[in-house]
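Remarks on the structure that follows.
The values are calculated or read from the model by the stated rules, or taken from the named source; none is laboratory data. Quick caveat, the model's predicted, so the values are computed rather than measured. Every residue, glycine among them, receives a Cβ derived from its backbone with ideal geometry; neighbour counts consider all protein chains shown.
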Amino acid sequence: MAGNSRRRQAYLLLAVLLTLGAALRLTGLGFGLPAIYNPDELAIMNRAIALGQNGLNPQNFLYPSLYFYALFACEGVLFVLGWLTGRFDSLAAFEQLYFVDPSVFYLTGRLLSVACGVATIWATWRLGTRLFGPVAGLAAAALLAVAPLAVRDAHYVKHDVPVALLIVLTHLALARRPAGHFNSPPPASTFWLRSLRSSAGSWWWLASLFAGLSLSTHYYAVFVLVPVVIVVSAPLAPGEPWRHRLRRTLATLTVAAAAFIATSPFLLVEFGTTYRDVVANRAIVVDRATTSGGAFASIAFYLRWLASDAAGSVAAALAVAGFVALARAGWMRVTIALAFPVVFLLFMANTVPASRYLNPVLPFVSLLGGAAVSWVASASRTGRVVAAVALAIAVTEGAIVSAHGNAFFRQPDTRTLARDWFEQHVPSGASVLVQPYSVPLRPSREALDEALTAHLGDPARASVRFQRQRALQPYPEPAYRTIYLGSGGMDVDKIYLQPDAVDDEHGLAPIRRLGITRVIMKRYNVENPAMAALIRALERDGTLEASFSPYRPDIDAARRRDTPPFEHNTGVRIDRALERPGPIIEIWNID
C-alpha cells in the first residue's frame, strides 16, 4: 500500500511539473504575429507549406525532412478542423489566409514545439527513473521543465526542440536494456524492474528506430549513434560470442538507416541536391567557425551558456555534482548519460556559436542534476533536506528566468512599433528602402511584379506561391514598393540595393534615383562598417522622422555599447538592459 501511495504522489508531482512546463512554454507563444522575426521560422514554414505543391519533395536539404512532414501534417489537421468548423470553405481560402495573416499557421507550428518540449520533460523523467531511481527522475523533470533555453526555444518553429525529444527517446530505449545486464543495478522498485524485464526483447530496435528518426529531424543527431552502438554491442551475457554482438549491432544500424530513409526519402532521390546543400551547410556552420577561430573555438561560448542561461546557474552546479554521483553508477549508465552530450558538444565546439544547438544537451544536464539530487538525498536525513533545498532553489531560479523571458517576448518588438508608425504616417504605395528581416512592411502587388520581372523576365514564370500571392483579391493594404538594402540573394521577390552604392561623394543620389522617399535602418550597439557611408549621408541630407529603441530608458550609453539587442535567430542573451526584442530602428525621410 505504501508503494502505491508513493507512486501516486510521484505521478501527481509529475503532472504538476508537466503543467508547469507547458504553461511556461505556452506563455507568449504568439509573440510578434502576424510578423515573423525569426528568419528560420519563415524559411521552415514556407518549405513545409509548399510540400503539397511539390509532391512532398522539400527540394532543399539543408535539413533532413521529417520535421517538415510533421509540420505539413499539423497544418493539414488545421485545415480539416477549420473546414469542419466553417472557418475555411475551401483549400484556396486556407491558402489565401497564409498570405494575408499567417498567425494561425505559425501558432500551430509553435504548438508542435511546445508538445515536443513537454514530452521531453516526460521522457527525461522516465530516463532518470530508469537510470538513477525515482527521486532522480522527478528532479531531472523539474529542472528541464523550467530550463530557460528549453522554454525559450519551444516558442519557435524550429528543429531543435523536436529533435531533443527523439534523442531522449533513443536513450530511454537504450535504458530498457534488461537491468541484469547493467553492471551496477540502481535502486528501483519491484514494479520498475518488472516493467523493464517485460520489454527486454524490444529495447534495441526501439533505440535504432528513434535514432533514425532523430537523424531524419536534424543531421547533428548522428552523434546519438555513439551510445547506441556502445550499448547495443555490449555483451548481453558473460561470454556472448562477438558474432552475435556484431549481428545485433548491424541490425540496429540497418533499422536506423531504414527509419532515416523512410522519413527523408528525397535525400537519396535527389542525392546531388543533398550533397550540395550539406556541403553548403557545412561551409556556413563549421568551416566559417574553424577558419576564423581554429579547432574547438566555440567551446567557451557553449560552456558559458550551460553554466548560466541555458539551465540556470544552480541547475548547472547540480549537473557538475552529478558527475560525482555517476562515479558509482557503472559504465553502462555513464555511457547512456554522457556519451551523446560529450561527443555532441565536442562537435558543436567547431561550429558558429548558436545557443539553440544546446537543446539536445539540456535533458542530460537535467539528468545529471537529478542524479546529484538523488545521491545527496540518499546519504542521510540532512542530505534529504540539502537536496530538497538545492532543487527548490534551482527550480525557482529557472522559473523566474523563464518567466522573465516570456514577459520579454510579450513586449512589442521594435520592428512592430516601427511598422505601426509607418503605416499610420506614410501613404500606401510609397517607395521605401528597408533591410531584410527589418520592419515587416507588406510589398505591394506592383513591387512584387517589379521584382519578379527583374529576376525572371515575366511574373507569370514565378512559382505557385508567388502566383497565389499576386492573385489575392482584394490585395491587402497598406502595401509599399519595397527595395531591399543588402548584398542580395536568391529571393526572386526582392530587388536589392548594395550598401556600397552610397558613398560620401554621391550621398543619397543612388537611392533617390530609384524613387525612394523613406529609408528604414536597423542599428545595433556596434555599428556595421558597411553602412557607415549611408548613415553619414542620411544624417547630412535626410530627416530622422522616428526612432525605436529596445533599451530601457534608464540605461546609460556605456551599458548600451556593451549590450547587443536581442534578435530571435542569434545567440544573444536577454539582458536586463533590454526592454523589448528587436534592433534599434530609425525611419528617415529623404524626399
What are the residue pairs meeting all of these: first residue in region 111-124, first residue farther than 23 Å from Leu78 by Cβ, second residue surrounded by fewer than 19 Cβ atoms within 10 Å (Cβ to Cβ), Cβ atoms under 8 Å, and 6 or more apart or on different chains?
Ile121/Leu18; Trp122/Leu18
So, in region 58-83, of the ones that are in contact (Cβ under 8 Å) with a residue 40 or more places away in the chain and in a helix (DSSP H, G or I), which residue ends up farthest from the chain's Cα centre (by Cα)?
Tyr69
Of the conditions (1) touching a residue at least 40 places away in the same chain (Cβ under 8 Å); (2) part of a loop (DSSP other than H, G, I, E, B); (3) under 29 Å from Gly322 (Cα atoms), Pro412 satisfies every one except a single condition; which number is it?
(3)
Looking only at region 327-348, count every residue that is more than 18 Å from the chain's Cα centre (by Cα) and crowded, with 20+ Cβ neighbours inside 10 Å and tell me the total.
7
For Leu318, are the conditions met, namely being within 20 Å of the chain's Cα centre (by Cα) and surrounded by 15 or more Cβ atoms within 10 Å (Cβ to Cβ)?
no
Identify the residue in region 522-561 that is touching a Leu at 6+ places or on another chain (Cβ under 6 Å) and surrounded by 15 or more Cβ atoms within 10 Å (Cβ to Cβ) and, among all such residues, is nearest to Arg512 (Cα to Cα).
Ala537
The one condition in (1) within 18 Å of the chain's Cα centre (by Cα); (2) surrounded by fewer than 24 Cβ atoms within 10 Å (Cβ to Cβ) that Val151 fails to fulfil
(2)
Return a yes/no flag: does region 47-57 have any residue that is without any contact (Cβ under 8 Å) to a residue 24 or more places away in the chain, in the same structural domain as Arg152 (by TED's automatic domain parsing), in a helix (DSSP H, G or I) and more than 20 Å from Thr273 (Cβ to Cβ).
no
Using the structure shown, decide if Ala403 is surrounded by 13 or more Cβ atoms within 10 Å (Cβ to Cβ), of a type in the set (Gly, Ala, Ser), within 30 Å of Val320 (Cβ to Cβ) and assigned by TED's automatic domain parsing to the domain that holds Ala317.
yes
Out of the residues in region 204-249 meeting the condition of being in a helix (DSSP H, G or I) and among the charged types (D, E, K, R), tell me which one is surrounded by the most Cβ atoms within 10 Å (Cβ to Cβ).
Arg248
What are the residues in region 539-586 that are farther than 23 Å from Gly32 by Cβ and of a type in the set (Ser, Thr, Tyr), if any?
Thr543
Region 506-521, subset of a type in the set (A, V, I, L, M) and in contact with a Ser or Thr (Cβ under 9 Å, 6 or more places away or on another chain), residue surrounded by the most Cβ atoms within 10 Å (Cβ to Cβ)
Met521
Within the set of pairs 6+ apart or on separate chains, which have a first residue in region 275-302 that is within 12 Å of Phe61 (Cβ to Cβ) and of a type outside the set (Val, Ile, Thr), a second that is outside any helix (DSSP H, G or I) and at pLDDT 80 or above, and C-beta atoms under 8 Å apart?
Asp277/Asn60; Asp277/Phe61; Asp277/Leu62; Ala280/Leu62; Asn281/Leu62
Can you say whether Gly86 is on the phi > 0 side of the Ramachandran plot and without any contact (Cβ under 8 Å) to a residue 40 or more places away in the chain, as far as the supplied structure shows?
yes
If you go through region 400-417 one residue at a time, do you hit one that is farther than 30 Å from Tyr496 by Cβ and of a type in the set (Asp, Glu)?
no
If a residue counts only when it is assigned by TED's automatic domain parsing to the domain that holds Ser214 and among the charged types (D, E, K, R), which helices (runs of 4 or more DSSP H) contained entirely in region 261-300 have at least 1 such residues?
271-282, 288-293
Condition test on Ala119, is it more than 21 Å from the chain's Cα centre (by Cα), part of a helix (DSSP H, G or I) and surrounded by fewer than 20 Cβ atoms within 10 Å (Cβ to Cβ)?
no
Looking for whichever is closer than 18 Å to Ala43 by Cα and either aliphatic (A, V, I, L, M) or without any contact (Cβ under 8 Å) to a residue 12 or more places away in the chain (or both) here; the options are Leu441, Leu452. Which one fits?
Leu441
Search result, residues across region 1-32 that are outside any helix (DSSP H, G or I) and touching a residue at least 40 places away in the same chain (Cβ under 8 Å)
Thr27, Gly28, Leu29, Gly30, Phe31, Gly32
